[in-house]
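Asker: This is the structure, below, for whatever I ask next.
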Amino acid sequence: MSLPELQHHFITAIFNRDQRDAAALLVKSHGKLDAAQRVGIYRNSVHGILWQYLESLYPVCQQLLGAEFFEAASDCYVDQQPPTRPFLAEYGAGFADFLAAHPALQQMLWIADVARLEWARHQAWNAVNQAAADFSQLANVDAAQQARLVLVLPASAQLLTSAYAIHQVWLAHQPEDSPEKVALEQLELHQTQRVLVWRAGRRLHQVLLDEATWAFLTAIQQANRLPDLAERFQAQLPALLMTAVQRGWILSFTVL
Amino acid sequence: MSHPVKGCGIGLRFQHIDTIVDSNQPIPWLEILTDNYLLPGSVQQDYLFEIAEHYPLTFHGVGMSLGSTDPLDTEYVSRVKALVERVNPAWVSDHLCWTSAHGVVTHDLIPLPYTEETIRHVSQRISQVQDSLERRLVIENVSSYLQYQQSAMSEWDFLCAVVEAADCDILLDVNNIYVSACNHDFDPLAYLNAIPVQRVREIHLAGYEDRGTHLLDTHGYPVSDAVWALYAQAIQRFGAVPTLIEWDNNVPELPVLLAEAAKAAEVQARVLA
Ligand SMILES: [Fe+2]
């Protein structure tokens, strides 16, 4: 058998439990383990590596679902959507949708939204480093340029909205000594929450936004020009802009 | 600039990065898992560049998939190359195995069948990577839990033929030799004695887990007594080869890792005295 064929049989067995026998034909039985068990060691090892990785990415979902359920879900997800790139940090984007479609979780769809928040944190952490904002040049922008001015969010900025209290659920699962720790029993699950996650240097931040701020940052993310922002947010604009700049939610500006 | 790699170092793990960055630790050298630093412009690379200013470094990867019959992932190789050019590690290593096939990536180390066809294929791939990186590659023997029906030679004959054909160097994992020797019932000394001395650039030590039916290379325990004994024999044969402690699961506090590295240095001193 050629090497490509051997690898095909093997890779199929790793991501499909029912295909073990075809790969076992390629392997010697010896000692205390037969060929199928030896192939099984590799299936378990690959699934173990990816489960540990998903657990590190989705620690709050893991706590919400319980270790056993999470491991079984991870096993199933890995078989359905195995990695296709050597960059492990890219893997796991589809886990939230997988949970949302999971038959056992149809009454707990908020858990999928918590997974989206955890993926957003992962994305923000892995985003490119960017120099701190310099807004001193803003004063030199003339009226004609202002009409074409666009504000820019940090590359790490992730805006999420959910029909559930995902920010508080996330906080409830942080270590006991974390400052904003909330008790899970005390929170009202059914409330719309808008969350911003971003990275500043080596720190990840996550805050709850009010409706206007969320709309404002979303409009910026969609590259709305300054006059459009002024028209939409009217008298609120100066305060929205000042807060966003002060908090580091706006990285820079460009004139198109 | 590149600092010389000598003595006994440890694998750099996320848990210890802040400690290592914040305080000057007495660590002879550090090995990074290349794959964790391949996002251009990321905070991870930021940490790496800081660490590279203070410690000698080597790069150790899993994503090259040297034995795969898929086309070489040129994006992966070029990201490694960019990082190599920026940091200039003492050397770059990956494993003698395959990790991906038919477009699917396992992120695990799967053994190859030991045949003439495989020798030709994998040595050609190593040459291709060496040409791209414009550097010699150092390749590591992996632990294995199976033997293919079609394998026609011993693992050490296979390894020797590959490094000869590709003209690359060897990262000899003494724990992996021990684990595979127990799992497949061969003499680990026969393995050591077959390896060309001048090609061994680095030695790995790690802890395995005894599963009853087989030894599993989990990198989650101290180095076993049997592996320390085999290591002493390796040092006897290969001399003062830079040695690295790998610990990936249940990662202990930094002092525990450093004590393990110091133990390797003691073995070297004792054997070579
Ligand atoms: Fe190793």
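The values are calculated or read from the model by the stated rules, or taken from the named source; none is laboratory data. Remember, predicted model here, so these are calculated numbers, not experimental data. When we count neighbours, we look across all protein chains shown, and the Cβ atoms used for this are built from the backbone with ideal geometry, even at glycine. All accessible areas refer to the heavy atoms of the entire protein, side chains included, with ligands and DNA or RNA removed. Shrake-Rupley method; radii C 1.70, N 1.55, O 1.52, S 1.80 Å.
Asker: How much length is gained on full extension from residue A:135 to residue A:30, taking 0.36 nm per residue of separation minus their Cα-Cα distance? Walk me through the numbers before you get to the answer.
Answerer: Details: separation 105, 0.36 × 105 = 37.80 nm, distance 7.01 nm.
Once the chain is fully extended between residue A:135 and residue A:30, it gains 30.8 nm.
Asker: Label points 7 Å out from Cα along the Cβ direction at residue B:251 and residue A:231: separation in nm?
Answerer: In this crude label model, residue B:251 to residue A:231 measures out at 5.2 nm.
Asker: Expressed as a rounded percentage, what relative contact order does segment A:31-132 have, with Cα pairs under 8 Å and six or more residues apart?
Answerer: 28
Asker: Now for a separate question. For labels at residue A:203 and residue B:46 in the simple 7 Å Cα→Cβ model, what's the distance in nm?
Answerer: 1.2
Asker: What's the average, rounded to a whole number, of partner chain beta-carbon atoms within 10 Å of each residue's beta-carbon in B:106-115?
Answerer: Neighbouring Cβ atoms belonging to other protein chains average 6 per residue here.
Asker: Right, here's the next one. Defining a contact as two alpha carbons under 8 Å apart and six or more residues distant in sequence, what relative contact order in percent does chain A show? Mind showing how you got there, number by number?
Answerer: Working: 294 pairs, mean separation 42.7, N = 256.
Computed value for chain A: 17 percent relative contact order.
Asker: For residue B:224, what residues show an amide H to amide H distance below 5 Å, using hydrogens built from the backbone and excluding near sequence neighbours?
Answerer: Those qualifying (amide H under 5 Å, at least 5 residues apart or on another chain) are B:208.
Asker: So for the pair residue B:226, residue B:120, with labels modelled 7 Å out along Cα→Cβ, what separation do we get in nm?
Answerer: It works out to 3.8 nm between the two label points.
Asker: Step through the residues of segment B:75-83 one at a time and calculate ³J(HN,Hα) from phi using the Karplus curve (6.51 cos²θ - 1.76 cosθ + 1.60, θ = phi - 60°), rounding each to whole Hz and writing x for Gly and Pro.
Answerer: Karplus values, whole Hz, x for Gly and Pro: 5, 4, 4, 6, 5, 4, 4, 4, 6.
Asker: Continuing with this model, one more query. Return the average number of partner chain Cβ atoms within 10 angstrom of each residue Cβ along peptide A:85-94. Spell out each step's value before the answer.
Answerer: Values: counts 7, 17, 11, 7, 6, 1, 2, 0, 0, 0.
Counting other chains' Cβ atoms within 10 Å and averaging over A:85-94 gives 5.
Asker: Let me know the Kirkwood hydrodynamic radius for chain A, please, with Cα pairs as the basis and the value in Å to one decimal. Provide the component values of the computation, followed by the final result.
Answerer: Numbers: mean 1/r = 0.0465 Å⁻¹.
Final number for the Kirkwood radius of chain A is 21.5 Å.
Asker: Name the residues whose placed amide hydrogens come within less than 5 Å of the amide hydrogen of residue B:211, ignoring near sequence neighbours (fewer than 5 apart) on the same chain.
Answerer: Excluding prolines and chain starts, which carry no amide H, the hits are B:216.
Asker: Report the net charge of residues surrounding residue A:124, where surrounding means a beta-carbon distance below 13 angstrom and charges are Lys +1, Arg +1, Asp -1, Glu -1. Walk me through the numbers before you get to the answer.
Answerer: Values: positive: A:116, A:121, A:199, A:202, A:203; negative: A:118.
The answer is +4.
Asker: Looking at the square roots a ≥ b ≥ c of the eigenvalues of the Cα gyration tensor of the protein assembly as shown, which shape do they give, rounded for a/c under 1.5, prolate if a/b is larger than b/c, or oblate? Can you show the working numbers first?
Answerer: Details: a/c = 2.09, a/b = 1.69, b/c = 1.23.
Note, shape of the protein assembly as shown comes out prolate.
Asker: Amide H to amide H under 5 Å from residue B:243: which residues, 5+ apart in sequence or cross-chain, H placed 1.01 Å off N in plane?
Answerer: Excluding prolines and chain starts, which carry no amide H, the hits are B:7, B:8, B:9, B:203.
Asker: Once you list every other residue whose beta carbon is under 14 Å from the beta carbon of residue A:226, what net charge do they have if Lys and Arg are +1 and Asp and Glu are -1? All intermediate terms of the calculation are to be shown ahead of the outcome.
Answerer: Working: positive: A:148, A:225, A:232; negative: A:142, A:228, A:231.
With Lys, Arg at +1 and Asp, Glu at -1, the net is 0.
Asker: In whole percent, how big is the carbon plus sulfur part of the accessible area of segment A:91-150, probe 1.4 Å, protein atoms only? Don't skip to the end; give the middle numbers.
Answerer: Values: 1630 of 2970 Å².
Carbon plus sulfur share of accessible area: 55 percent.
Asker: Shifting gears a bit: Based on the Cβ-Cβ distance from residue A:190 to residue B:266, what FRET efficiency comes out when R0 is 51 Å, to the nearest 0.05? Intermediate results must be reported in sequence, preceding the final value.
Answerer: On the way: r = 62 Å, r/R0 = 1.22.
That gives a FRET efficiency of 0.25.
Asker: Could you work out how far the C-alpha centroid of segment A:207-256 sits from that of segment A:34-50, in angstrom?
Answerer: Result: 51 Å between the Cα centres.
Asker: Quick check: from the Cα gyration tensor, does segment B:8-272 come out rounded (a/c under 1.5), prolate or oblate? The partial results should precede the final answer.
Answerer: Working: a/c = 1.56, a/b = 1.09, b/c = 1.43.
Note, shape of segment B:8-272 comes out oblate.
Asker: Let me ask something else about it. Which of the three applies to segment A:163-205, rounded, prolate or oblate, going by the alpha-carbon gyration tensor with a ≥ b ≥ c and a/c under 1.5 meaning rounded?
Answerer: Details: a/c = 3.96, a/b = 1.33, b/c = 2.98.
Note, shape of segment A:163-205 comes out oblate.
Asker: Before we go on, tell me the buried accessible area for the B/A pair, both chains summed, 1.4 Å probe, in Å² to the nearest 100. Numbers along the way, then the final one.
Answerer: Numbers: alone 12180 and 14620 Å², together 22680 Å².
Answer for the B-A pair: about 4100 Å² buried.
Asker: For segment A:70-85, what does the Karplus curve 6.51 cos²θ - 1.76 cosθ + 1.60, with θ = phi - 60°, yield as ³J(HN,Hα) per residue in whole Hz, taken in order and with x for Gly and Pro?
Answerer: Whole-Hz 3J(HN,Hα) from phi for segment A:70-85: 4, 5, 5, 5, 4, 4, 5, 4, 4, 5, 6, 10, x, x, 10, 9.
Asker: Just checking the output field for A:2-14: average partner chain Cβ neighbours within 10 Å of each residue's Cβ?
Answerer: Values: counts 3, 14, 6, 1, 10, 12, 4, 1, 8, 10, 3, 0, 5.
The mean count of partner-chain Cβ atoms within 10 Å per residue comes to 6.
Asker: For chain A, with a Gaussian network of springs between Cα atoms less than 10 Å apart, report the residue from A:201, A:31, A:40 with the top mean-square fluctuation.
Answerer: Looking only at A:201, A:31, A:40, the biggest GNM fluctuation is shown by A:31.
Asker: Suppose R0 equals 35 Å; then what is the FRET efficiency for residue B:237 and residue A:56 from their Cβ-Cβ distance, rounded to the nearest 0.05?
Answerer: Details: r = 39 Å, r/R0 = 1.12.
For residue B:237 and residue A:56, the calculated efficiency is 0.35.
Asker: Let me ask you something else. Please arrange B:221, A:58, A:164 by accessible surface area, largest first, computed with a 1.4 Å probe and ligands excluded.
Answerer: Values: B:221 90, A:58 0, A:164 45 Å².
Of B:221, A:58, A:164, the descending order of accessible area is B:221, A:164, A:58.
Asker: Starting with the highest mean, order A:206-212, A:18-24 by the number of other Cβ atoms within 10 Å, averaged over the residues of each peptide. Kindly include the intermediate steps, with their values, before the conclusion.
Answerer: Details: A:206-212: 14.0, A:18-24: 16.6.
For the peptides A:206-212, A:18-24, the packing ranking is A:18-24, A:206-212.
Asker: For segment A:248-256, what does the Karplus curve 6.51 cos²θ - 1.76 cosθ + 1.60, with θ = phi - 60°, yield as ³J(HN,Hα) per residue in whole Hz, taken in order and with x for Gly and Pro?
Answerer: Computed from phi, the couplings for segment A:248-256 are x, 7, 10, 8, 6, 9, 9, 9, 6 Hz.
Asker: In what sequence, largest accessible area first, do B:205, A:160 appear using a 1.4 Å probe?
Answerer: Sorted descending by solvent-accessible area, the residues read A:160, B:205.
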